[in-house]
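Note sheet for the following structure.
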Amino acid sequence: MSEVPASPTERRTFLGIILAAIGAVAAGGFGWSMFRFLSPVDRGGEESQVRLERTLVAVGGAHFFAFQGRPAVILQPRAGEYIALNAVCTHLGCIVKWVDESQEFLCPCHAGRFSSAGQVLGGPPPRALATYPVTLDGDDILIG
Amino acid sequence: MKKIFIRANLLFFLLIFVGTLPAAAVTDVCIDCHGGLAGQLGEIPTAEWQTSIHARHRISCHHCHGGDPTDYVKAMTAERGFVGVPEHSEVPAFCGQCHVGVEEDYWESLHGQVIDFGGPNCVTCHESHAVQVATIDLINEISCSRCHSYEKPALIKEEISATEAMLSRLEASIASLYRVGIDTGHLEDELFATRNSFRRLFHSVDIDKIRAETAGFDADLEQTKATIDELENTLGKRKIAGGALVLLLLLGGCIALLIRRTYEGHE
């Protein structure tokens, strides 16, 4: 039994289906990468909050903790008033330390100084420390 | 049209020039006068400073020596904060104006405790004007043997060398990630903070303290490495996906050619 060769129309249909399939896979791959590229970056639970006990932060003192995987600090400049800040110096990324005597932050790397509100007081830092929202919940403080 | 283009170009370069003027003005006064003087008051420190890490980061004469770099007449007056050349024992506080953390560890170290008896200060190892990016090579037999035997420094160097090597590898990895367009800001910050704290540690020249705390730094570096590995892994996957896409397009092209050939008999 001899095989009947496929007609040009049949071959075109067959090849057309393969081409369409390849096009669909390529378009899908391209579309997926564009979607991933344009999607907001996953910052590891940006919405998550940190809960701390109020007793951890003395009036005029500071308490360091981790917020969204980064070093952060909370202060109580006056009784009942809390400020939460990113504790990473905006110059080169060292972790600032709190100086009780002067009530300001000092970066041990290049002597950048920040106020208790995170504003630059001196040294090389180009901008203020980022602040985080703080809310009170009974005996706890919610950051973020 | 051509004239407008030339004028726009001129304006662009003029703006760039004007933009650089304030930066240039900062160093002019000190370098203008001292750059022309011979010896240790002029050409030597000026030339040395120009090769330094400080010059690269625009840390100029007045940042350490005080004074006013914008005023020829009052540049070197106490009124403008000029402090001149520090005494041997004043050098740590001089450098500590910026390097506060290292200064703290230095004073606690044996080096700091013997400074009034001629012990080493910052510039003994780091140089004064030709100060370079610090590396582990600063601990070497020639340098340390100027004051004492090399036995203890060799132990310290051995203790920190693996962590230092890891730091260098991670720096190189971050640089290559940056070159391919990855936002490495957080990684750079993390690594800089770890590197700075680690280098503070060995300024203590206390072998027991260094031994006890090095493991903590290694753990921090492992975390940074894990993030870098993850990014490199993603990049690898992207390369494979890109290659597959190119192959698909080539295959699509071949099939389009075959489809074209099905029309040839009918032409």
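The values are calculated or read from the model by the stated rules, or taken from the named source; none is laboratory data. The structure displayed is predicted, hence computed values, not measured ones. Counting neighbours? That spans all protein chains shown, and the Cβs are built from the backbone with ideal geometry, glycine included.
Quick rundown of the values:
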{"quantity": "Criterion: outside the structural domain of A:Asp139 (by TED's automatic domain parsing) and of a type in the set (Gly, Ala, Ser) - qualifying residue of A:Ala79, A:Ala87, A:Ala117, A:Ala20", "calculated": "A:Ala20"}
{"quantity": "Residue in segment A:55-71 that is in contact (Cβ under 8 Å) with a residue 40 or more places away in the chain and charged (D, E, K, R) present", "calculated": "no"}
{"quantity": "Condition broken by A:Lys97, with the remaining ones in (1) under 16 Å from A:Ser116 (Cβ atoms); (2) more than 10 Å from chain B (Cβ to nearest Cβ) satisfied", "calculated": "(2)"}
{"quantity": "Any pair with Cβ under 6 angstrom, 6 or more apart, that starts in segment B:97-112 at a residue that is under 21 Å from A:Phe105 (Cβ atoms) and ends at one that is charged (D, E, K, R)", "calculated": "B:Gly101/B:Arg200; B:Val102/B:Arg200; B:Asp105/B:Arg200"}
{"quantity": "Single residue of B:Glu159, B:Glu222, B:Glu171 found to be of a type outside the set (Phe, Trp, Tyr), touching a Lys or Arg at 6+ places or on another chain (Cβ under 7 Å), assigned to a helix (DSSP H, G or I) and surrounded by fewer than 18 Cβ atoms within 10 Å (Cβ to Cβ)", "calculated": "B:Glu159"}
{"quantity": "Total residues in segment B:139-176, condition more than 30 Å from B:Thr227 (Cα to Cα) and not charged (D, E, K, R)", "calculated": "13"}
{"quantity": "Residue within segment A:75-92 that is under 30 Å from B:Leu201 (Cβ atoms), at the interface with chain B (Cβ under 9 Å from one of its Cβ atoms) and in contact with an Asp or Glu (Cβ under 8 Å, 6 or more places away or on another chain) present", "calculated": "yes"}
{"quantity": "Unmet criterion (only one of (1) exposed (fewer than 12 other Cβ atoms within 10 Å of the Cβ); (2) under 30 Å from B:Gly253 (Cα atoms); (3) of a type in the set (Val, Ile, Thr)) for A:Val25", "calculated": "(1)"}
{"quantity": "Criterion: basic (Lys, Arg) and farther than 26 Å from B:Ser197 by Cβ - qualifying residue of A:Arg51, A:Arg113", "calculated": "A:Arg51"}
{"quantity": "Among the residues listed as A:Phe64, A:Phe35, the single one being away from chain B (no Cβ under 11 Å) and touching a strand residue (DSSP E or B) at 6+ places or on another chain (Cβ under 7 Å)", "calculated": "A:Phe64"}
{"quantity": "Pick from segment A:105-128, criterion within 13 Å of chain B (Cβ to nearest Cβ) and either outside any loop (DSSP other than H, G, I, E, B) or of a type in the set (A, V, I, L, M) (or both), ranking: farthest from A:Gly80 (Cα to Cα)", "calculated": "A:Ala111"}
{"quantity": "Test set (1) within 14 Å of chain A (Cβ to nearest Cβ); (2) touching a Pro at 6+ places or on another chain (Cβ under 8 Å) - B:Glu108 fails condition number", "calculated": "(2)"}
{"quantity": "Verdict on B:Ala75 being over 21 Å from the mean Cα position of the chain (by Cα) and over 24 Å from B:Ala134 (Cβ atoms)", "calculated": "yes"}
{"quantity": "Residues of segment A:37-71 satisfying the condition of being within 30 Å of B:Leu235 (Cβ to Cβ), modelled with pLDDT of 85 or more and not in a loop (DSSP other than H, G, I, E, B)", "calculated": "A:Leu38, A:Ala66, A:Phe67, A:Arg70, A:Pro71"}
{"quantity": "Criterion: more than 10 Å from chain A (Cβ to nearest Cβ), out of contact with any strand residue (DSSP E or B) (no Cβ under 9 Å at 6 or more places or on another chain) and without any contact (Cβ under 8 Å) to a residue 40 or more places away in the chain - qualifying residue of B:Ala241, B:Ala256, B:Ala219", "calculated": "B:Ala219"}
{"quantity": "Residue within segment B:235-250 that is over 20 Å from the mean Cα position of the chain (by Cα) and assigned to a loop (DSSP other than H, G, I, E, B) present", "calculated": "no"}
{"quantity": "Test: residue in segment B:195-216 that is surrounded by 15 or more Cβ atoms within 10 Å (Cβ to Cβ), within 11 Å of chain A (Cβ to nearest Cβ) and more than 16 Å from B:Glu171 (Cβ to Cβ)", "calculated": "yes"}
{"quantity": "Options B:Ala241, B:Ala215: the member that is among the hydrophobic types (A, V, I, L, M, F, W, C) and farther than 30 Å from A:Ala26 by Cα", "calculated": "B:Ala215"}
{"quantity": "Members of segment A:129-138 found to be more than 14 Å from A:Leu52 (Cα to Cα) and either touching a Ser or Thr at 6+ places or on another chain (Cβ under 8 Å) or in a loop (DSSP other than H, G, I, E, B) (or both), listed by number", "calculated": "A:Leu129, A:Ala130"}
